[in-house]
Amino acid sequence: MSRFFSTRLSLLDAYEPGEQPSGVEYIKLNTNESPYPPPDSIKAAAVNELEKLNLYPNPDGRALINRLAENYDVKPENIIVGNGSDELLAFSFHAFLEDGVVFPDITYGFYPVYAELYNVPYQQIPLLDDLTVNIKDYINTGKNVIIANPNAPTGIALTLDEIEEIVKGNPDFIVIIDEAYIDFGGKSAIGLINTYDNLLIIHTFSKSRSMAGARLGFAAGPAPIIKDLNKIKYSFNPYNVNRITQVIGEAAISEEEYFIGKRREIIKTREYTKMRLKNLGFIMTDSCANFLFGKHPEIGGHILYSKLKNMGILVRQWNKPRISDYVRITIGTKEQMDALIAATGEILSNG
Ligand SMILES: *Cc1c(COP(=O)(O)O)cnc(C)c1O
């Protein structure tokens, strides 16, 4: 740390992304990326756009926003695009949460980081023992609310009715639903933004659209909320989504069939892997995401993580209360999951 760093910010615990190793060839099941590359049309769109790199992109991402609005059956003024959904989460914490926010004790690790960064008071509400959200805890909170649905890293989803109850139950506060994993099994609440003026939905292209490397997310909400987010964006980085990402985002919307097929494949592989791991004695949550979350009664989470890493397979594990015995396993290809299952079986039988 330099002697110039703000005292307050020097106390910040930054977010720790999953390892992105270079050099060693791991089977990488630790950051919930898609194992499938995007289709060729997306590569062509990117290459085409290269000759315009001397020009700034459209600051609104107008064409992309229009495509998204059409695709999700909302109006363009209901959408803002961001440099990854993380950026839109950051804007939202900055814009709306100064009076405080509640979220589960076990959820996306970035929420407490953004809360600290933007001086937002926050309260973590414990998940129930089975790692589900007790929606009664989220009615009349007297605070703003952010919930990942499906939740991470548990993968457990709330129903659309439950989300609606939470939105209705906090009419004077904003309810932010982070739908990073919604395409793998949950039901999106985007349709509710026309009914409730306090609902904001955050989506990403990183998981279900194979574009983690492009950094693209969007938020959908009532027009006044989107206008507020634009004010933050235009006070920070007007050209937040680069030209190439904007055109490949558009191309991705035109390729919904491709991505729907890949999601189906991932869901099928998830259920297969879950069944095989249960047969090995694992206790698993009912994940509706592109990852599994489970623990084994005979081996600690960190030991399993380390042994898998030694065998060339990366999964994610947190030394945190309540979940340190669990590992989170991204769903890769069937071949990758068979390698994971074989390695895990070997680790268990060697004690
Ligand atoms: C991956 C993830 C994000 C961030 O996605 P990006 O668009 O890549 O920034 C946001 N929320 C949750 C819950 C995630 O798991």
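The values are calculated or read from the model by the stated rules, or taken from the named source; none is laboratory data. Since we're looking at a predicted model, the values are computed, not measured. Note: ideal-geometry Cβ built from the backbone for every residue, glycine included; neighbour counts use all protein chains shown. Keep in mind that these areas ignore ligands, DNA and RNA; they rest on the heavy atoms of the full protein, side chains included. Shrake-Rupley method; radii C 1.70, N 1.55, O 1.52, S 1.80 Å.
Quick check: is even one residue across the range 84-102 within 18 Å of ASP197 (Cβ to Cβ) and under 16 Å from the mean Cα position of the chain (by Cα)? There is at least one residue in the range 84-102 that is within 18 Å of ASP197 (Cβ to Cβ) and under 16 Å from the mean Cα position of the chain (by Cα).
Among the residues of the range 218-251, the one identified as under 22 Å from SER208 (Cβ atoms) and hydroxyl-bearing (Ser, Thr, Tyr) is THR245. Based on this model, can you work out whether ILE80 counts as open to solvent by less than 60 Å² (accessible area, probe 1.4 Å), in contact with an Asp or Glu (Cβ under 6 Å, 6 or more places away or on another chain) and away from the ligand (no atom under 11 Å from the Cβ)? For ILE80, the condition - open to solvent by less than 60 Å² (accessible area, probe 1.4 Å), in contact with an Asp or Glu (Cβ under 6 Å, 6 or more places away or on another chain) and away from the ligand (no atom under 11 Å from the Cβ) - is not met. Taken together, the criteria place TYR118 among residues that are away from the ligand (no atom under 16 Å from the Cβ), in contact with a Phe, Trp or Tyr (Cβ under 6 Å, 6 or more places away or on another chain) and more than 28 Å from ARG243 (Cα to Cα).
Looking across the range 279-311, the residues that are outside any helix (DSSP H, G or I) and either β-branched (Val, Ile, Thr) or assigned by TED's automatic domain parsing to the domain that holds ASN149 (or both) come down to ILE283, THR285, ILE299. From the set of residues in the range 19-34 that are away from the ligand (no atom under 16 Å from the Cβ) and touching a helix residue (DSSP H, G or I) at 6+ places or on another chain (Cβ under 9 Å), which is least open to solvent (accessible area, probe 1.4 Å)? Restricting to residues being away from the ligand (no atom under 16 Å from the Cβ) and touching a helix residue (DSSP H, G or I) at 6+ places or on another chain (Cβ under 9 Å), the top hit is ILE27. Note on the range 292-311: among residues that are closer than 19 Å to ILE27 by Cα and out of contact with any helix residue (DSSP H, G or I) (no Cβ under 8 Å at 6 or more places or on another chain), the one that is surrounded by the fewest Cβ atoms within 10 Å (Cβ to Cβ) is ASN310.
Applying the set (1) crowded, with 21+ Cβ neighbours inside 10 Å; (2) in contact with a His (Cβ under 7 Å, 6 or more places away or on another chain) to TYR114 leaves exactly one unmet item: (2). Step by step: first the residues of the range 330-342, then only those that are open to solvent by less than 10 Å² (accessible area, probe 1.4 Å) and of a type in the set (A, V, I, L, M), then the one that is farthest from PRO37 (Cα to Cα). Which residue is that? Across the range 330-342, the extreme among qualifying residues is ILE341.
Considering THR154, THR141, the condition of being hydroxyl-bearing (Ser, Thr, Tyr), within 16 Å of the ligand (Cβ to nearest atom) and surrounded by 16 or more Cβ atoms within 10 Å (Cβ to Cβ) is satisfied by THR154 alone. Of the helices (runs of 4 or more DSSP H) that lie entirely inside the range 1-76, those containing 3 or more residues that are assigned by TED's automatic domain parsing to the domain that holds SER210 and not polar (S, T, N, Q) span 40-49, 62-72. Taking every residue in the range 332-351 that is in the same structural domain as LYS309 (by TED's automatic domain parsing) and under 17 Å from ASN30 (Cβ atoms) and pairing it with any residue that is among the β-branched types (Val, Ile, Thr) and surrounded by 14 or more Cβ atoms within 10 Å (Cβ to Cβ), at least 6 positions away or on another chain, the pairs with Cβ-Cβ distances below 6 Å are GLN336/ILE27; MET337/THR269; MET337/THR273; ALA339/ILE27; LEU340/ILE313; ALA343/ILE313. Mind listing just one residue for me: the one in the range 312-324 that is more than 18 Å from THR107 (Cβ to Cβ) and either free of Cβ contacts under 8 Å to residues at least 12 places away in the same chain or part of a loop (DSSP other than H, G, I, E, B) (or both) and, of those, least open to solvent (accessible area, probe 1.4 Å)? In this case the residue turns out to be VAL315. Within the range 279-291, which residues are closer than 25 Å to LYS187 by Cβ and either open to solvent by 50 Å² or more (accessible area, probe 1.4 Å) or in contact with a His (Cβ under 6 Å, 6 or more places away or on another chain) (or both)? Selection gives ASP286 alone.
Of all residues in the range 9-18, those being of a type outside the set (S, T, N, Q) and open to solvent by less than 100 Å² (accessible area, probe 1.4 Å) number 6.
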